[in-house]
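Quick one: structure below, then a few questions.
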Amino acid sequence: MRRLGFGLALTLAAWPVWADTVSTFKLDNGMDVVVIEDHRAPVVVHMVWYKIGAADETPGHSGIAHFLEHLMFQGTKDVAPGDLSKIVAAQGGSDNAFTTLDYTAYFQRVAADRLGLVMKLESDRMHNLNLTEDDVTTERKVILDERTERTDSNPGALLSEQMAAAQYMNHPYGIPVIGWRHEMEALSRQDALDFYHANYAPNNAILVVAGDVKPDDVLALAKQYYGPIPPSDAIKPRIRPTEPPQLAERRLVLADARVAQPYVVRSYLATERNPGDQRQAAAISLLAELLGGSGTTSVLAKALQFDTQRAVYASASYDGVSVDADTFSLVVVPVPGESLADAEKAMDEVVAKFMKDGVNAADFARIKTQVMAAQIYARDNTQGLAREYGAALAVGLSVKDVQDWPDLLQSITADEVMAAAKLVLNRHNAVTGYLTTEEAAQ
(Lines give C-alpha, C1' and ligand atoms only; values in the text may rest on other atoms or scores of the structure.)
Protein backbone atom coordinates (compact mmCIF):
# COMPACT_ATOMS: atom_id res chain seq x y z
CA MET A 1 0.00 0.00 0.00
CA ARG A 2 2.85 2.38 0.79
CA ARG A 3 4.41 1.74 -2.60
CA LEU A 4 1.09 2.29 -4.35
CA GLY A 5 0.66 5.60 -2.55
CA PHE A 6 4.19 6.70 -3.47
CA GLY A 7 3.63 5.69 -7.08
CA LEU A 8 0.37 7.61 -7.18
CA ALA A 9 2.08 10.74 -5.86
CA LEU A 10 4.77 10.47 -8.55
CA THR A 11 2.15 9.92 -11.23
CA LEU A 12 0.07 12.89 -10.10
CA ALA A 13 3.09 15.14 -10.08
CA ALA A 14 4.00 14.25 -13.65
CA TRP A 15 0.60 13.73 -15.32
CA PRO A 16 -0.67 16.54 -17.59
CA VAL A 17 -4.22 15.77 -16.54
CA TRP A 18 -5.99 18.86 -17.83
CA ALA A 19 -5.56 18.31 -21.57
CA ASP A 20 -9.16 17.38 -22.40
CA THR A 21 -9.62 17.25 -26.17
CA VAL A 22 -12.32 19.87 -26.57
CA SER A 23 -13.57 21.52 -29.75
CA THR A 24 -16.02 24.40 -29.85
CA PHE A 25 -18.29 25.75 -32.59
CA LYS A 26 -21.17 28.17 -32.93
CA LEU A 27 -24.06 27.55 -35.32
CA ASP A 28 -25.45 30.37 -37.41
CA ASN A 29 -28.52 30.51 -35.16
CA GLY A 30 -26.34 31.22 -32.12
CA MET A 31 -26.24 27.76 -30.55
CA ASP A 32 -22.91 26.89 -28.92
CA VAL A 33 -21.53 23.41 -29.60
CA VAL A 34 -18.88 21.74 -27.42
CA VAL A 35 -17.35 18.38 -28.34
CA ILE A 36 -15.27 16.42 -25.81
CA GLU A 37 -13.49 13.48 -27.38
CA ASP A 38 -13.18 10.27 -25.37
CA HIS A 39 -12.57 7.21 -27.54
CA ARG A 40 -12.18 4.61 -24.80
CA ALA A 41 -15.67 3.16 -25.30
CA PRO A 42 -18.21 3.38 -28.17
CA VAL A 43 -20.66 5.51 -26.20
CA VAL A 44 -21.68 9.14 -26.29
CA VAL A 45 -23.35 11.59 -23.90
CA HIS A 46 -25.55 14.19 -25.55
CA MET A 47 -26.61 17.18 -23.43
CA VAL A 48 -28.50 20.38 -24.15
CA TRP A 49 -28.11 23.11 -21.54
CA TYR A 50 -30.50 26.05 -21.49
CA LYS A 51 -29.16 29.19 -19.83
CA ILE A 52 -32.34 29.59 -17.86
CA GLY A 53 -33.08 28.41 -14.33
CA ALA A 54 -35.23 29.06 -11.31
CA ALA A 55 -33.49 32.38 -10.61
CA ASP A 56 -34.68 33.66 -13.99
CA GLU A 57 -38.38 33.14 -13.35
CA THR A 58 -40.79 36.05 -13.32
CA PRO A 59 -42.12 37.02 -9.86
CA GLY A 60 -45.12 34.98 -8.81
CA HIS A 61 -44.22 32.01 -11.00
CA SER A 62 -41.76 30.15 -8.82
CA GLY A 63 -41.20 26.58 -9.97
CA ILE A 64 -42.01 27.24 -13.63
CA ALA A 65 -38.51 26.32 -14.86
CA HIS A 66 -38.69 22.95 -13.12
CA PHE A 67 -42.32 22.48 -14.18
CA LEU A 68 -41.38 23.02 -17.82
CA GLU A 69 -38.57 20.48 -17.46
CA HIS A 70 -41.26 17.90 -16.61
CA LEU A 71 -43.53 19.06 -19.42
CA MET A 72 -40.73 18.69 -21.97
CA PHE A 73 -41.29 14.93 -21.79
CA GLN A 74 -44.92 15.31 -22.86
CA GLY A 75 -44.09 15.03 -26.52
CA THR A 76 -44.41 16.91 -29.79
CA LYS A 77 -46.64 16.55 -32.82
CA ASP A 78 -44.37 13.70 -33.98
CA VAL A 79 -43.44 12.09 -30.64
CA ALA A 80 -46.15 10.95 -28.24
CA PRO A 81 -45.97 11.81 -24.52
CA GLY A 82 -43.35 9.68 -22.81
CA ASP A 83 -42.11 8.17 -26.05
CA LEU A 84 -38.78 10.02 -26.13
CA SER A 85 -37.55 8.11 -23.07
CA LYS A 86 -38.98 4.87 -24.44
CA ILE A 87 -37.16 5.34 -27.76
CA VAL A 88 -33.86 6.02 -25.97
CA ALA A 89 -34.35 3.00 -23.70
CA ALA A 90 -35.12 0.79 -26.70
CA GLN A 91 -31.69 1.72 -28.06
CA GLY A 92 -30.09 0.58 -24.82
CA GLY A 93 -29.61 4.14 -23.62
CA SER A 94 -30.77 6.31 -20.73
CA ASP A 95 -32.03 9.87 -20.44
CA ASN A 96 -33.07 12.42 -17.86
CA ALA A 97 -33.10 16.14 -17.08
CA PHE A 98 -32.51 18.50 -14.17
CA THR A 99 -33.16 22.11 -13.21
CA THR A 100 -31.05 24.36 -10.97
CA LEU A 101 -31.12 28.01 -10.05
CA ASP A 102 -29.06 28.92 -13.14
CA TYR A 103 -29.76 26.36 -15.87
CA THR A 104 -31.88 23.48 -17.11
CA ALA A 105 -30.28 20.49 -18.84
CA TYR A 106 -31.49 17.47 -20.79
CA PHE A 107 -29.29 14.48 -21.57
CA GLN A 108 -29.10 11.07 -23.16
CA ARG A 109 -26.38 8.43 -22.94
CA VAL A 110 -26.40 6.06 -25.93
CA ALA A 111 -24.17 4.08 -28.25
CA ALA A 112 -22.07 6.44 -30.34
CA ASP A 113 -23.80 5.47 -33.58
CA ARG A 114 -27.17 6.59 -32.11
CA LEU A 115 -26.11 10.21 -31.71
CA GLY A 116 -28.09 11.38 -34.72
CA LEU A 117 -31.26 9.82 -33.29
CA VAL A 118 -31.07 11.60 -29.95
CA MET A 119 -30.18 14.88 -31.67
CA LYS A 120 -33.28 14.53 -33.78
CA LEU A 121 -35.44 13.91 -30.70
CA GLU A 122 -33.93 16.72 -28.62
CA SER A 123 -34.00 19.29 -31.40
CA ASP A 124 -37.64 18.40 -32.08
CA ARG A 125 -38.73 19.27 -28.56
CA MET A 126 -36.64 22.44 -28.56
CA HIS A 127 -39.24 24.09 -30.80
CA ASN A 128 -42.17 21.69 -31.27
CA LEU A 129 -43.40 21.01 -27.73
CA ASN A 130 -47.05 20.00 -27.67
CA LEU A 131 -48.95 20.55 -24.40
CA THR A 132 -52.56 19.78 -23.57
CA GLU A 133 -54.45 20.87 -20.47
CA ASP A 134 -54.45 17.25 -19.31
CA ASP A 135 -50.64 17.13 -19.61
CA VAL A 136 -50.35 20.24 -17.48
CA THR A 137 -52.82 19.00 -14.86
CA THR A 138 -51.02 15.67 -14.58
CA GLU A 139 -47.53 17.12 -14.30
CA ARG A 140 -48.62 19.86 -11.89
CA LYS A 141 -49.74 17.11 -9.53
CA VAL A 142 -46.39 15.36 -10.05
CA ILE A 143 -44.35 18.41 -9.04
CA LEU A 144 -46.61 19.12 -6.07
CA ASP A 145 -46.15 15.51 -4.94
CA GLU A 146 -42.40 15.94 -5.46
CA ARG A 147 -42.41 18.98 -3.21
CA THR A 148 -44.35 17.04 -0.58
CA GLU A 149 -41.95 14.11 -0.70
CA ARG A 150 -38.60 15.90 -1.02
CA THR A 151 -39.18 19.17 0.85
CA ASP A 152 -42.29 19.29 3.01
CA SER A 153 -41.62 15.81 4.43
CA ASN A 154 -37.94 16.56 5.09
CA PRO A 155 -37.12 18.93 7.96
CA GLY A 156 -33.54 19.33 6.69
CA ALA A 157 -34.81 20.42 3.28
CA LEU A 158 -37.22 22.86 4.93
CA LEU A 159 -34.36 24.37 6.94
CA SER A 160 -32.23 24.75 3.81
CA GLU A 161 -35.14 26.46 2.06
CA GLN A 162 -35.71 28.86 4.95
CA MET A 163 -31.99 29.63 5.23
CA ALA A 164 -31.73 30.45 1.53
CA ALA A 165 -34.71 32.78 1.85
CA ALA A 166 -32.95 34.49 4.78
CA GLN A 167 -29.56 34.59 3.04
CA TYR A 168 -30.86 36.26 -0.12
CA MET A 169 -33.13 39.15 0.81
CA ASN A 170 -33.31 40.60 -2.69
CA HIS A 171 -31.72 38.09 -5.06
CA PRO A 172 -33.85 35.27 -6.55
CA TYR A 173 -31.46 32.59 -5.22
CA GLY A 174 -33.67 32.83 -2.14
CA ILE A 175 -36.55 31.19 -4.05
CA PRO A 176 -36.51 27.36 -4.13
CA VAL A 177 -36.02 25.61 -7.46
CA ILE A 178 -39.08 23.44 -6.82
CA GLY A 179 -41.10 26.61 -6.14
CA TRP A 180 -43.33 27.83 -3.33
CA ARG A 181 -46.37 25.56 -3.08
CA HIS A 182 -49.01 28.29 -3.37
CA GLU A 183 -47.43 29.54 -6.61
CA MET A 184 -46.89 26.04 -7.99
CA GLU A 185 -50.57 25.31 -7.56
CA ALA A 186 -51.42 28.24 -9.85
CA LEU A 187 -49.02 27.43 -12.71
CA SER A 188 -50.95 27.10 -15.96
CA ARG A 189 -50.48 25.78 -19.46
CA GLN A 190 -50.08 29.34 -20.72
CA ASP A 191 -47.43 30.05 -18.07
CA ALA A 192 -45.47 27.04 -19.28
CA LEU A 193 -45.81 27.92 -22.96
CA ASP A 194 -44.82 31.55 -22.32
CA PHE A 195 -41.69 30.44 -20.45
CA TYR A 196 -40.91 27.88 -23.17
CA HIS A 197 -41.24 30.30 -26.07
CA ALA A 198 -39.31 33.03 -24.25
CA ASN A 199 -36.32 30.90 -23.26
CA TYR A 200 -36.03 27.65 -25.22
CA ALA A 201 -34.15 28.60 -28.35
CA PRO A 202 -30.80 27.72 -29.91
CA ASN A 203 -29.28 31.10 -29.06
CA ASN A 204 -29.98 30.39 -25.39
CA ALA A 205 -28.62 26.84 -25.45
CA ILE A 206 -25.35 24.93 -25.33
CA LEU A 207 -24.96 21.52 -26.96
CA VAL A 208 -22.36 19.35 -25.24
CA VAL A 209 -21.41 16.02 -26.82
CA ALA A 210 -18.84 13.85 -25.08
CA GLY A 211 -17.61 10.40 -26.05
CA ASP A 212 -16.48 8.38 -29.02
CA VAL A 213 -17.07 11.04 -31.65
CA LYS A 214 -15.18 13.25 -34.07
CA PRO A 215 -15.78 17.00 -33.87
CA ASP A 216 -16.54 17.45 -37.56
CA ASP A 217 -19.12 14.65 -37.44
CA VAL A 218 -20.83 16.20 -34.43
CA LEU A 219 -20.87 19.62 -36.11
CA ALA A 220 -22.44 18.16 -39.23
CA LEU A 221 -25.21 16.51 -37.18
CA ALA A 222 -25.74 19.68 -35.15
CA LYS A 223 -26.14 21.70 -38.34
CA GLN A 224 -28.58 19.12 -39.67
CA TYR A 225 -30.83 18.93 -36.63
CA TYR A 226 -30.36 22.15 -34.63
CA GLY A 227 -29.25 24.45 -37.45
CA PRO A 228 -32.73 24.95 -39.01
CA ILE A 229 -34.27 26.13 -35.70
CA PRO A 230 -34.58 29.92 -35.77
CA PRO A 231 -33.08 31.97 -32.95
CA SER A 232 -35.34 33.88 -30.58
CA ASP A 233 -35.33 37.66 -30.33
CA ALA A 234 -36.85 37.38 -26.84
CA ILE A 235 -33.63 36.23 -25.15
CA LYS A 236 -32.55 38.88 -22.66
CA PRO A 237 -29.33 39.36 -20.70
CA ARG A 238 -29.38 37.93 -17.19
CA ILE A 239 -29.74 41.11 -15.19
CA ARG A 240 -30.82 40.07 -11.71
CA PRO A 241 -31.43 42.04 -8.53
CA THR A 242 -28.36 42.30 -6.33
CA GLU A 243 -28.06 41.81 -2.59
CA PRO A 244 -27.86 44.91 -0.41
CA PRO A 245 -25.05 44.95 2.16
CA GLN A 246 -25.90 42.55 4.99
CA LEU A 247 -25.58 44.44 8.28
CA ALA A 248 -26.26 41.71 10.81
CA GLU A 249 -26.18 37.95 11.13
CA ARG A 250 -29.50 36.24 10.55
CA ARG A 251 -30.52 33.33 12.75
CA LEU A 252 -33.40 30.90 12.72
CA VAL A 253 -34.55 27.76 14.49
CA LEU A 254 -36.66 25.10 12.80
CA ALA A 255 -38.20 22.69 15.30
CA ASP A 256 -39.92 19.59 13.98
CA ALA A 257 -41.09 16.40 15.67
CA ARG A 258 -39.64 14.39 12.77
CA VAL A 259 -36.06 15.49 13.47
CA ALA A 260 -33.96 12.48 14.46
CA GLN A 261 -30.54 14.17 14.50
CA PRO A 262 -30.33 17.87 15.39
CA TYR A 263 -27.58 19.95 13.83
CA VAL A 264 -26.29 23.49 13.40
CA VAL A 265 -25.50 24.92 9.99
CA ARG A 266 -24.12 28.30 8.97
CA SER A 267 -23.93 29.73 5.47
CA TYR A 268 -21.94 32.76 4.36
CA LEU A 269 -22.19 34.68 1.10
CA ALA A 270 -19.15 33.89 -1.05
CA THR A 271 -18.04 35.02 -4.49
CA GLU A 272 -18.62 32.75 -7.45
CA ARG A 273 -16.20 31.63 -10.17
CA ASN A 274 -16.08 34.42 -12.76
CA PRO A 275 -14.86 34.31 -16.37
CA GLY A 276 -11.11 34.90 -16.41
CA ASP A 277 -11.17 35.68 -12.69
CA GLN A 278 -11.38 32.48 -10.66
CA ARG A 279 -8.48 32.90 -8.26
CA GLN A 280 -10.48 33.96 -5.23
CA ALA A 281 -13.01 31.18 -5.83
CA ALA A 282 -10.15 28.69 -6.05
CA ALA A 283 -8.85 29.88 -2.67
CA ILE A 284 -12.34 29.50 -1.19
CA SER A 285 -12.57 25.97 -2.61
CA LEU A 286 -9.34 24.99 -0.88
CA LEU A 287 -10.55 26.67 2.31
CA ALA A 288 -13.61 24.41 2.26
CA GLU A 289 -11.41 21.36 1.78
CA LEU A 290 -9.12 22.37 4.65
CA LEU A 291 -11.92 23.16 7.09
CA GLY A 292 -14.32 20.35 6.32
CA GLY A 293 -13.64 18.46 3.11
CA SER A 294 -12.70 15.20 4.84
CA GLY A 295 -14.58 13.35 7.56
CA THR A 296 -11.31 12.25 9.12
CA THR A 297 -8.51 14.73 8.39
CA SER A 298 -10.12 18.16 7.98
CA VAL A 299 -9.72 20.85 10.65
CA LEU A 300 -13.32 20.58 11.88
CA ALA A 301 -13.41 16.78 11.80
CA LYS A 302 -10.14 16.35 13.69
CA ALA A 303 -11.06 18.89 16.35
CA LEU A 304 -14.72 18.04 16.90
CA GLN A 305 -15.08 14.38 15.95
CA PHE A 306 -11.78 13.02 17.25
CA ASP A 307 -9.91 15.36 19.59
CA THR A 308 -12.88 16.48 21.70
CA GLN A 309 -15.48 13.97 20.43
CA ARG A 310 -18.21 16.59 20.58
CA ALA A 311 -19.60 15.89 17.11
CA VAL A 312 -20.50 12.86 15.04
CA TYR A 313 -20.10 14.84 11.83
CA ALA A 314 -18.60 18.16 10.77
CA SER A 315 -18.03 19.56 7.29
CA ALA A 316 -17.59 22.61 5.10
CA SER A 317 -18.76 23.04 1.52
CA TYR A 318 -18.58 25.46 -1.40
CA ASP A 319 -19.29 25.10 -5.11
CA GLY A 320 -18.95 28.44 -6.84
CA VAL A 321 -20.30 27.35 -10.24
CA SER A 322 -23.08 29.92 -10.38
CA VAL A 323 -23.99 33.13 -12.14
CA ASP A 324 -24.08 35.19 -8.95
CA ALA A 325 -22.72 35.01 -5.41
CA ASP A 326 -22.82 31.51 -3.93
CA THR A 327 -22.62 30.33 -0.31
CA PHE A 328 -19.92 28.76 1.85
CA SER A 329 -21.38 26.46 4.51
CA LEU A 330 -20.33 24.87 7.80
CA VAL A 331 -22.27 22.01 9.42
CA VAL A 332 -21.84 20.36 12.80
CA VAL A 333 -23.92 17.41 14.04
CA PRO A 334 -23.28 17.14 17.80
CA VAL A 335 -23.06 13.93 19.78
CA PRO A 336 -26.18 13.02 21.80
CA GLY A 337 -26.44 15.19 24.87
CA GLU A 338 -24.53 18.11 23.35
CA SER A 339 -26.74 21.17 22.82
CA LEU A 340 -26.77 23.00 19.53
CA ALA A 341 -25.63 26.17 21.27
CA ASP A 342 -22.59 24.32 22.63
CA ALA A 343 -21.94 22.73 19.23
CA GLU A 344 -22.04 26.16 17.59
CA LYS A 345 -19.65 27.54 20.20
CA ALA A 346 -17.26 24.64 19.63
CA MET A 347 -17.43 25.19 15.87
CA ASP A 348 -16.66 28.88 16.31
CA GLU A 349 -13.71 28.10 18.57
CA VAL A 350 -12.22 25.77 15.95
CA VAL A 351 -12.67 28.38 13.21
CA ALA A 352 -11.14 31.08 15.43
CA LYS A 353 -8.13 28.86 16.14
CA PHE A 354 -7.72 28.22 12.41
CA MET A 355 -7.83 31.96 11.73
CA LYS A 356 -5.15 32.50 14.37
CA ASP A 357 -2.85 29.60 13.49
CA GLY A 358 -3.21 29.72 9.71
CA VAL A 359 -2.86 26.89 7.22
CA ASN A 360 -0.90 23.83 8.23
CA ALA A 361 1.68 23.26 5.49
CA ALA A 362 1.46 19.46 5.56
CA ASP A 363 -2.35 19.53 5.45
CA PHE A 364 -2.25 22.00 2.57
CA ALA A 365 0.09 19.82 0.51
CA ARG A 366 -2.02 16.74 1.20
CA ILE A 367 -5.23 18.48 0.21
CA LYS A 368 -3.75 19.72 -3.05
CA THR A 369 -2.71 16.17 -3.91
CA GLN A 370 -6.18 14.86 -3.03
CA VAL A 371 -7.84 17.56 -5.12
CA MET A 372 -5.63 16.71 -8.07
CA ALA A 373 -6.36 13.00 -7.69
CA ALA A 374 -10.11 13.63 -7.53
CA GLN A 375 -9.96 15.63 -10.75
CA ILE A 376 -7.97 12.93 -12.50
CA TYR A 377 -10.44 10.26 -11.47
CA ALA A 378 -13.38 12.45 -12.47
CA ARG A 379 -12.05 12.51 -16.02
CA ASP A 380 -12.63 8.78 -16.23
CA ASN A 381 -16.36 9.55 -16.38
CA THR A 382 -17.52 10.84 -19.77
CA GLN A 383 -20.86 12.00 -18.41
CA GLY A 384 -19.11 13.79 -15.55
CA LEU A 385 -16.92 15.65 -18.04
CA ALA A 386 -19.95 16.67 -20.07
CA ARG A 387 -21.63 17.97 -16.93
CA GLU A 388 -18.53 19.83 -15.78
CA TYR A 389 -18.18 21.72 -19.05
CA GLY A 390 -21.90 22.20 -19.52
CA ALA A 391 -22.53 23.63 -16.07
CA ALA A 392 -19.55 25.97 -16.33
CA LEU A 393 -20.53 27.28 -19.76
CA ALA A 394 -24.16 27.67 -18.70
CA VAL A 395 -23.17 30.14 -15.97
CA GLY A 396 -20.89 32.14 -18.24
CA LEU A 397 -17.50 30.48 -17.81
CA SER A 398 -15.44 29.42 -20.83
CA VAL A 399 -13.75 26.21 -21.90
CA LYS A 400 -10.47 27.87 -20.96
CA ASP A 401 -11.80 28.64 -17.49
CA VAL A 402 -12.67 24.97 -17.02
CA GLN A 403 -9.28 23.81 -18.23
CA ASP A 404 -7.40 26.43 -16.19
CA TRP A 405 -9.20 25.53 -12.95
CA PRO A 406 -7.13 22.49 -11.86
CA ASP A 407 -3.78 24.24 -12.35
CA LEU A 408 -5.20 27.34 -10.68
CA LEU A 409 -6.08 25.31 -7.59
CA GLN A 410 -2.53 23.97 -7.46
CA SER A 411 -1.09 27.50 -7.66
CA ILE A 412 -3.06 28.94 -4.73
CA THR A 413 -0.93 29.85 -1.73
CA ALA A 414 -1.67 29.48 1.96
CA ASP A 415 -1.76 33.28 2.26
CA GLU A 416 -4.46 33.45 -0.38
CA VAL A 417 -6.52 30.87 1.50
CA MET A 418 -6.27 32.89 4.70
CA ALA A 419 -7.21 36.08 2.85
CA ALA A 420 -10.26 34.27 1.48
CA ALA A 421 -11.12 33.03 4.97
CA LYS A 422 -11.01 36.57 6.38
CA LEU A 423 -13.27 37.77 3.58
CA VAL A 424 -15.80 34.93 3.64
CA LEU A 425 -16.07 34.02 7.33
CA ASN A 426 -17.78 37.27 8.22
CA ARG A 427 -20.73 36.83 10.56
CA HIS A 428 -22.40 39.91 9.08
CA ASN A 429 -22.80 37.89 5.87
CA ALA A 430 -23.99 34.75 7.63
CA VAL A 431 -27.19 32.87 8.31
CA THR A 432 -27.05 30.42 11.22
CA GLY A 433 -29.72 27.76 11.48
CA TYR A 434 -30.63 25.19 14.11
CA LEU A 435 -32.54 22.07 13.17
CA THR A 436 -33.94 20.60 16.34
CA THR A 437 -36.78 18.66 17.90
CA GLU A 438 -39.86 20.42 19.18
CA GLU A 439 -39.04 19.22 22.69
CA ALA A 440 -35.53 20.66 22.66
CA ALA A 441 -36.79 23.97 21.30
CA GLN A 442 -39.14 24.56 24.23
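How much mean residue ellipticity at 222 nm does the chain get from its helices, if each DSSP H run of length 4 or more adds -39500 (n - 2.57) and you divide by all residues, to the nearest 500 deg cm²/dmol?
-13000 deg cm²/dmol
So for the pair residue 96, residue 256, with labels modelled 7 Å out along Cα→Cβ, what separation do we get in nm?
It works out to 2.2 nm between the two label points.
Stokes-Einstein D for segment 263-416 at 25 °C, 0.890 mPa s, Kirkwood Rh over Cα pairs, in µm²/s?
149 µm²/s
Between residue 374 and residue 112, what FRET efficiency comes out of the Förster formula 1/(1 + (r/R0)^6) with R0 = 25 Å and r the beta carbon distance, rounded to 0.05?
The calculated FRET efficiency here is 0.40.
At q = 0.15, 0.20, 0.29 Å⁻¹, what is the base-10 log of I(q)/I(0) for segment 107-167 according to the Debye formula with one equal point scatterer per Cα and no solvent? Please give it to two decimals.
Normalising to I(0) and taking log10 leaves -0.78, -0.84, -1.09.
Taking only protein heavy atoms into account and a 1.4 Å probe, give the accessible area per residue of the chain in Å².
Solvent-accessible surface per residue comes out at 45 Å².
What percentages, rounded to whole numbers, describe P(r) for segment 342-393 computed over all alpha carbon pairs with 10 Å bin width beginning at zero?
Taking all Cα pairs of segment 342-393, the binned fractions are 20, 26, 24, 27, 3 percent.
Find, among the trypsin sites (Lys or Arg not before Pro) in segment 245-303, those assigned to loop by DSSP (not H, G, I, E, B) with at most 16 other beta-carbon atoms within 10 angstrom.
Filter output for segment 245-303: 258.
I've got another one for you. Among 148, 162, 204, which residue has its Cα furthest toward the positive end of the charge dipole of segment 146-230, with +1 on Lys/Arg Cβ and -1 on Asp/Glu Cβ?
204
Give me the mean projected area, in nm² to one decimal, of the convex hull enclosing the Cα positions of segment 132-247.
Approximately 11.5 nm², given one-decimal rounding.
How much accessible surface does residue 143 have with a 1.4 Å probe, in Å² rounded to 10?
Probe radius 1.4 Å; accessible area of residue 143 about 0 Å².
Same structure, new question: At 1.4 Å probe size, put 356, 422 in order of accessible surface, largest to smallest.
356, 422
If you don't mind, another one. What per residue convex hull volume, in Å³, do the alpha-carbon atoms of segment 175-239 yield?
155 Å³
Can you give the net charge of the other residues whose Cβ lies under 12 Å from the Cβ of residue 368, counting K and R as +1 and D and E as -1?
-2
OK, next. For a quick check of understanding: with a 1.4 angstrom probe and all protein chains in place, what accessible area in square angstrom does residue 395 have, to the nearest ten?
Near enough 20 Å² of accessible area.
Efficiency by 1/(1 + (r/R0)^6): what FRET value for residue 80 and residue 193, r their Cβ-Cβ distance, R0 = 30 Å, to the nearest 0.05?
Efficiency computed from Cβ-Cβ geometry: 0.95.
In the chain, once you exclude exposed GluC sites (Glu not before Pro) (DSSP loop, at most 16 other Cβ within 10 angstrom), what's the longest stretch remaining?
So the longest stretch without any such site is 250-442.
The values are calculated or read from the model by the stated rules, or taken from the named source; none is laboratory data. None of these values were measured; they are calculated from a predicted model. Glycine gets a Cβ as well: all are built from the backbone with ideal geometry, and neighbour counts include every protein chain shown. To get the accessible areas, we keep the full protein, side chains included, count just its heavy atoms, and leave off ligands, DNA and RNA. Shrake-Rupley method; radii C 1.70, N 1.55, O 1.52, S 1.80 Å.
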